[in-house]
Each structure stands twice: as C-alpha cells, then as structure tokens.
Amino acid sequence: MIERTPILDAVTHALMLLGLVLAALPIVVVFVASTHDLATVNRVPMPLWPGDHMAENYARVWDKSRFGEKMLNSLIVATGVTVGKITIAALSAFSIVYFRYRLRMVFFWLIFITLMLPLEVRIVPTYAVAADALQPFRVIAGGFGLELGIPQINLLNSYAGLILPLVATATGTFLYRQFFLTVPDELAEAAKMDGAGPMRFFIDVLIPLSRANMAALATIMFVYAWNQYLWPLLITTDQKMATATMQLQKLVPGPLFGQPPLWNEAMAATLMVMAPPLLVVVFMQGWFVKGLVASDK
Amino acid sequence: MADIGIRSVSKSYGRQPVVHGIDLDVRSGEFVVVLGPSGCGKSTLLRMIAGLEEITEGEIAIGGRVVNMLEPRERGCAMVFQNYALYPHMTVAENIGYALKVAGTARDERRRRVREVAATVGLDEFLDRKPGQLSGGQRQRVAMARAMIREPKVFLFDEPLSNLDAKLRVQMRIEIRKLHNRLGVTSVFVTHDQIEAMTLADRLVVMNAGRIEQAGTPEDIYRAPASRFVASFVGSPPMNLIDAVVDEAGGIVIGGVALPVPHRLAAGRKVTAGIRPEDVVLSDGGELRSDVDFVEELGSVRLLHGRLNDVDFVVQVAAADRRATGALAFTVPPKRIHLFDADTGLRIEHDTPVAIAAE
C-alpha cells in the first residue's frame, strides 16, 4: 500500500519518533548515569549530559565484580543453550514432519503444550532433577522393586546444569515444523532416488535450506538464554559459576547492607551486560527478519 | 538396461483403491508412455516402480528381480520430476553430482562425470549457477542430467514437460526421444498430453480410472481404439462420438440418416459411432448434414466446428478449402466408422478384418 499524503507522513513520523524516544530514553539515562562520579549521580536533578568519569567507572566495576569471568560464563551458557535448542528443535521437527509413525501428532502436541510450562512453573521439579539427574529412573525402577544401583549425577554448579534444563523448546520445534512443511515433498523424494538416507537428506538439504530460520531462532534464543536470571540464581552457589545477570543483581542495593547503591557503577555494569545480546541482534538482524518473514525457495 | 514386469499391481489409500490390478511388461530398452487424464493412477503406478509408494498388492520386477521390498536407491531407477525437484541451495554441478557424492565417488571422478553428462544436455556453461538463476528449459535439463549421471537401468519421467511453455515442450520432447535413441535405456514416461505420448512412445499405454484401457503402438491405438474412452482421448482434434442405433438392414442410423457399416450387428442395438475429423469426405450429395458455427484456422489444416444430431461435430479440411460457416454436406467411408457398444464403451470389430492401409 502506497499513500502519498503529507499529513499522514508527518503523523507517522511523529509516532515513530515517539516510539524511539520511549524506547531509548531509559537507556540514555543509564548511559549518562554511568559517566558521572557517585556524588553527581545522586544529585537532584541528575545531570542530563555525560560526565567525564566514564572510563574509570567501567574499569572499576569490571574488576571489582569480576565481569570478565561472569561474562565468559554467560557466553558459554547462552551459546550452549542456543546450539542445544537449535539441534533439538530441528531434529524433533524433522521427525514430526518427515516420518510417519503412530502417535506422531500426540508427540507434536506434547511438545507444543510445553509452551504453557516455562521453566518458572516447573522450577521445583527441575531443581530436584538437576540435583540428582537420574533420580526419575531410580524412582521408576524402585516402583518395580528393582535396585539397579543407578549412580547419582549432580548438575548443580555446572555448565551442564545451567544449560540442559533450558534446551528443550516448543517454539523452535514449531518454527522448524512450519518451515519443513513448506519444503516441497519432491525434494525428499529426489534425495531418496539419489540414494540419500534420512540423515543425509537432513544434513545436506534441510539444514542448508533452513539457514535463515536457524539464524532467527539463534538470535531469539541467545538473547533469551543470556537474560536468564532465576535459574542460574537457583542452581549456582559457587561464585565461580555465576552468570553476568546474577552479578548485576549484587550491585543493587549497595555492596554493604543498608548502604545506598553505587548507581554510577551499577549503570555501567548494566550497559556492559546488555552489550553482547545487543551485538548479536545487530549482526543477525538481516537474517533474523528473513527467517521470520520471507521464504525464498 | 532392464525389463520391467508389472504383475497384477494394485494400490489403495486406506480403503480407496486407485490402481486396480495392472499387468504390463516393459521390454528392455523400450520407451513406454503411460497416458491418461489426471487422477487415473498413472503417476501412482510410476511412483510404485520408483519405490516412492508402497505396492498394496501384486509385484513389480526390474531386470528379473522383484523390487517390492527394495529401497528406491536399490532399484536402479532414476526419476525426472514434474517440478524438477532441484536442490535450490546447490549449484547445477552439485545437483547433478549429488547422487555420486552420496555414493561416495571420489571428487575428481565426480567432477569428470558431471562435466561429461552436462555436456550431453548442453549445460556446460551453467555448472556454477544455482537453479533459481536458470530458465525452465535449463532446469529441465539439470533434472535430466541428474537422472542420467547414475547410469540407471530405468528412466522414469513424471510429466516432466508440463511446466514448460509450448515451444520448449516440443523441443524438449525431441531431445528426450533423441537421448533415448542414443542411450537406449528402458524408459517409462507418464503424461496427460496425447501428442507428447504419440510422438515419444514405442508403446503407448492408455489408462483410465486405475485400469489399462489399451496398450499398443501409437499407430495401432490411433487406428483401432479399444474403447470409447481411448477414442476420445487419443487424437487431436479428438474423434467425433455420436449415439446411433442399428437398423433392420444392419447399418446404423444417426439422426435419421442410415449409414452402412462393415460390422455384423443385431437390429436395435445401441452403439456409439466414432468418426475422426480427417476421415470425413465432403460432397454436395453427402447424406450427413451439419451447420458450421465457426472455423478454426490451424495453418496446415482448418477445422469446421458444427453440430450433428445435437452433439458437437468437427470436420477437418485442407487449408486450401476456403469454406466458411454455413450448411455442410458430407459422407463417411463405411470402413472409417468406429463403433463402440453404448453400454460398455468397448470397441466392436468389423465383421471381416479390413486392412485399412490397403485402401
């Protein structure tokens, strides 16, 4: 639809600007606050222009809260979750779309309804399993009166514990399913005639075709995993395994009980923690839009 | 190269039968065209040979080996699909060579053979392009090359020309036939286009509603269609079919006009008379009359469209005949009249076999 009316143009632009201001203003304030010393930040009203303590604030909070280590943890967890989610989503969608077996739709709906069971809802049982990964099997075996000597596997304070409970994804499976449904059946048949087995077809044809999809999913999932707060907080007691978002929380309120927060440092840390997912979105944006909107086949 | 034996093969989806017990033998090196309207089960038959559909009943043998339980790749067939089914993310060379890559052929060997096959179908310059950058005809060639590179025992074509424009279709048709003459690989070609079928086939198989109506050389089928369905489907323009009744004299009556026929028939029997548009002889004293509504100009011939006994009736005349719309009188040589039973639709043979060619 192409409209050529100056008034409508003006209104549209005004709306866009309003949206931009609404979205950007808090971040500008955060940035300004991160560039002043503590006294200036706490003044009322707060100055609206950046000060000259930026470098020292960032450096100080980076060292003090050991963000190097925490960011690395976050990066490992977010990457692990992203890779895991994509792998599982692609494989389960592949199974649902390309194989005819009984209860296929039942499995699809089982996956689908987990959309209604985010981690926060099932956090207690998930924690129980993370503390003793094989416990469900032991309980089942016990129900049959078996003592199989199943070992205890404790995932607390480990990358596996941080990553695994987050990798199952109904959204991803659904996204992949919708994509696979648009791939013409003849491609699978041609691959069959060419002698390629199912996994060969999956790797040689479906995966390359779904690159745009994968990028979109990866972007969403990376941001999701990076921003995880509750689960890491619950499962890590060892400070070495803490993630960046957890570390951020420790800055507000202040380092000692009853002290006012060091707002300038907290704001500097906030911007640093925000940066990696932001960069991922910026770099993946082209692919991201393509993956969710277009389908060039 | 291999022969294909199809023995009482049927196929049903759930309780819905689509192919009813088909028997067909394709000789080694033969080019068989399966012709039929959409939904007649011809593609299903082809896909059962390829191994893309399970065979509900009966058995298919390729080169003497029953293949019912074999995977498509073990059957030695290569298939050209209607929409080509090229892998969109691979270059032409990768598309053609994919079967070899799966089979684990060494890279140099693969490259050599891809180039060889691409040259036979005239694709040498396009090896690095993606399918999206090719025209319809070029994609068609890639699909052919992809099938050829495996040096299959059997070629299967599933309406491969129906996505091309008319001119290209004629050109590709000739190329496919030339290719077959050179390679001599057993081929089964499925189509709903009777001209394609007539021109390509060593042997033509006409299917309708999951059954074979007639199998034979294109010439035999054209000259002596085994049923009303085949008569209406093969030939362009199609045969005129008119209801008629047998009179006391053993001739037929069409709209009050009696015509003698070389068939022995019981009086009162209801039949369908078939008259090919080119068999009509115009003569002012002719007993049959039709009113021409409009004239179709085809260049080499002209088609006069009219009505006879309340059904459409087409007469073909030479281009030099400049007759326009209006009344038309004509006759039909008795030997040229095909008769079909009105109820079963089956052909009624002449009483004494008449060699039409001897006329």
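If you count the DSSP beta bridges with both ends in the protein assembly as shown, what percent of them are antiparallel, to the nearest 5? Roughly 75 percent of the beta bridges in the protein assembly as shown run antiparallel, per DSSP. Using a simple spin-label model with pseudo-atoms 7 Å out from Cα toward Cβ, A:Q178 and A:T87 lie 2.6 nm apart.
Which value, in Å² rounded to 10, gives the accessible area of A:M46 with a 1.4 Å probe and all protein chains present? Spelled out: A:M46, probe radius 1.4 Å, area about 60 Å².
Less than 5 angstrom separates the built amide H of A:D132 from those of A:L155, all sequence-distant by 5 or more or on a different chain. Pairwise Cα distances in region B:111-215 exceed 20 Å for 43 percent of all pairs.
Note on chain B: antiparallel DSSP beta bridges, both residues inside, total approximately 75 percent of the bridges counted.
Basic side chains Lys and Arg get +1 at the Cβ, acidic Asp and Glu get -1 at the Cβ, and with that the dipole of the protein assembly as shown about its Cα centre reaches some 1780 debye. A simple charge model with +1 on the Cβ of Lys and Arg, -1 on the Cβ of Asp and Glu and nothing else charged puts the dipole of chain B at about 1520 debye relative to its Cα centre. Calculate the FRET efficiency for A:A131 and A:N227 from the Cβ-Cβ distance with a Förster distance of 25 Å, rounded to the nearest 0.05. The calculated FRET efficiency here is 0.55. The contact between chain B and chain A removes approximately 1800 Å² from the accessible area (both sides summed; 1.4 Å probe; ligands, DNA and RNA excluded). How many angstrom lie between the C-alpha centres of region B:288-327 and region B:125-166? Distance between centres, Cα-based: 41 Å. For the listed residue pairs A:K290/B:K130; A:K85/A:K290; B:K42/B:K153; A:K64/A:K85; B:K130/B:K153, the alpha carbons are over 30 angstrom apart in A:K64/A:K85.
The mean count of C-beta atoms from other chains within 10 Å of the C-beta of residues in B:74-80, rounded to a whole number, is 2.
Site pair A:R100 and B:I195 shows an inter-label distance of 3.8 nm when each label is modelled 7 Å from Cα along Cα→Cβ. Ligands, DNA and RNA aside, A:Y159 has an accessible area near 80 Å² when probed at 1.4 Å. Computed from backbone phi, the HN-Hα couplings of region A:62-79 come to 4, 6, 4, 9, 6, 5, x, 5, 5, 5, 5, 4, 4, 4, 4, 5, 5, 5 Hz, rounded to whole numbers (Karplus: 6.51 cos²θ - 1.76 cosθ + 1.60, θ = phi - 60°; Gly and Pro given as x). In plain terms, the chain from A:V44 to A:R122 could stretch by 23.7 nm, reckoned as 0.36 nm per residue minus the Cα-Cα distance. The accessible area of B:F229, taken with all protein chains in place and a 1.4 Å probe, comes to roughly 50 Å². Quote the relative contact order of region A:66-250 in percent (integer), defining contacts as alpha-carbon pairs under 8 Å separated by 6+ residues. Once normalised by length, the contact order is 41 percent.
Directionally averaged projected area (region B:14-73, Cα convex hull): 4.7 nm². Ordering A:P125, A:P260, A:A160 by the projection of their Cα atoms onto the charge dipole of chain A, which places +1 on the Cβ of Lys and Arg and -1 on the Cβ of Asp and Glu, puts A:P125 at the extreme positive end. Selection among B:A99, A:A216, B:G256 by position relative to the dipole of the protein assembly as shown gives A:A216 as farthest towards the positive end (Cβ unit charges, Cα centre). Phi angles across region B:59-74 convert, under the Karplus curve 6.51 cos²θ - 1.76 cosθ + 1.60 with θ = phi - 60°, into 3J(HN,Hα) values of 8, 10, 10, 10, x, x, 10, 5, 10, 2, 9, 8, 5, x, 5, 8 Hz, Gly and Pro given as x. Residues A:W49, A:W263, A:W109, A:W231, ordered by accessible area of protein heavy atoms at a 1.4 angstrom probe radius and largest first, appear as A:W49, A:W109, A:W263, A:W231.
Given an 8 Å cut-off on Cα distances and at least 6 residues of separation, report the relative contact order of region A:21-174 as a percent.
It comes to 26 percent, rounded to a whole number.
Which residue, chosen from A:G51, A:T5, A:A33, occupies the Cα position most advanced towards the positive end of the dipole of region A:1-121, where the dipole is computed from +1 (Lys, Arg) and -1 (Asp, Glu) charges on Cβ about the Cα centre? So the residue we want is A:T5.
Taking all protein chains together, B:Y98, B:Y13, A:Y127 sort by accessible area into B:Y13, A:Y127, B:Y98, largest first [probe 1.4 Å]. Among the protein heavy atoms of region B:1-130, carbon and sulfur supply 43% of the accessible surface, probe 1.4 Å, non-protein parts ignored. Normalised by 2.2 N^0.38 Å, where N is the number of residues, the alpha-carbon radius of gyration of the protein assembly as shown equals 1.45. Full extension of the chain between A:D238 and A:D63 yields a length gain of 61.1 nm, computed as 0.36 nm times the residue separation minus the alpha carbon distance. Across peptide B:48-54, the mean count of Cβ atoms from other chains lying within 10 Å of each residue's own Cβ comes to 2. The charge dipole of chain A, taken about the Cα centre with unit charges on the Cβ atoms of Lys, Arg (+1) and Asp, Glu (-1), comes to about 480 debye, rounded to the nearest 20. Here the contact order of chain B, divided by its residue count and restricted to Cα pairs under 8 Å and six or more residues apart, works out to 15 percent. Could you calculate the FRET efficiency of B:N68 with A:V282 from 1/(1 + (r/R0)^6), where r is the beta carbon distance between them and R0 is 45 Å, rounded to 0.05? Step by step, r from the Cβ atoms, then E = 0.20.
Starting from the Cα of A:S158, move 7 Å in the Cα-to-Cβ direction to define the label point; list residues of region A:114-137 whose amide nitrogen is under 11 Å from there. Counting only backbone N, you get A:130-134. Per residue, the solvent-accessible area of the protein assembly as shown (1.4 Å probe, heavy atoms of protein chains only, all protein chains present) comes to 51 Å². Taking the Cα centre of each part, how many Å lie between region B:40-96 and region A:1-46? The distance from the Cα centre of region B:40-96 to that of region A:1-46 comes to 62 Å. Straight-line cross-link reach from B:K335 at under 15 Å between alpha-carbon atoms covers these aspartates and glutamates, not counting any fewer than eight positions away in the same chain: B:E278, B:D279, B:E349, B:D351, B:E359. Take each residue in B:81-87, count the other chain C-beta atoms within 10 Å of its C-beta, and the mean is 5.
Placing R0 at 35 angstrom, the Cβ-Cβ distance between B:K167 and B:A320 gives a FRET efficiency of 0.85 after rounding to 0.05.
Largest accessible area first, the listed residues A:D52, A:D63, B:D279, B:D202 line up as A:D52, A:D63, B:D202, B:D279 when surface is computed with a 1.4 Å probe on the assembled protein chains. Over all projection directions, the Cα-based convex hull of chain A averages an area of 23.8 nm².
Report the full-extension gain for the segment B:L298 to B:Q16: residue separation times 0.36 nm, less the Cα-Cα distance, to one decimal in nm.
97.2 nm
The listed peptides B:55-65, A:81-91, ordered by packing as a protection proxy, come out as A:81-91, B:55-65 (highest mean of other Cβ atoms within 10 Å first).
Heavy-atom accessible surface, probe 1.4 Å, ligands and DNA/RNA ignored: which residues of region B:95-136 lose at least 40 Å² versus the isolated chain? By number: B:Y98, B:V102. Based on the alpha-carbon gyration tensor of region B:1-148 and its eigenvalue square roots a ≥ b ≥ c, which shape applies: rounded if a/c is under 1.5, prolate if not and a/b is larger than b/c, or oblate? Prolate shape, in that a/c is at least 1.5 and a/b is the bigger ratio.
The values are calculated or read from the model by the stated rules, or taken from the named source; none is laboratory data. Only a predicted model underlies this, so the values are computations on that prediction, with no experimental measurement involved. So basically every Cβ, Gly included, is an ideal-geometry build from the backbone, and we count neighbours across all protein chains shown. For the accessible areas, the whole protein counts, side chains as well, though only heavy atoms, and no ligand, DNA or RNA atoms are used. Shrake-Rupley method; radii C 1.70, N 1.55, O 1.52, S 1.80 Å.
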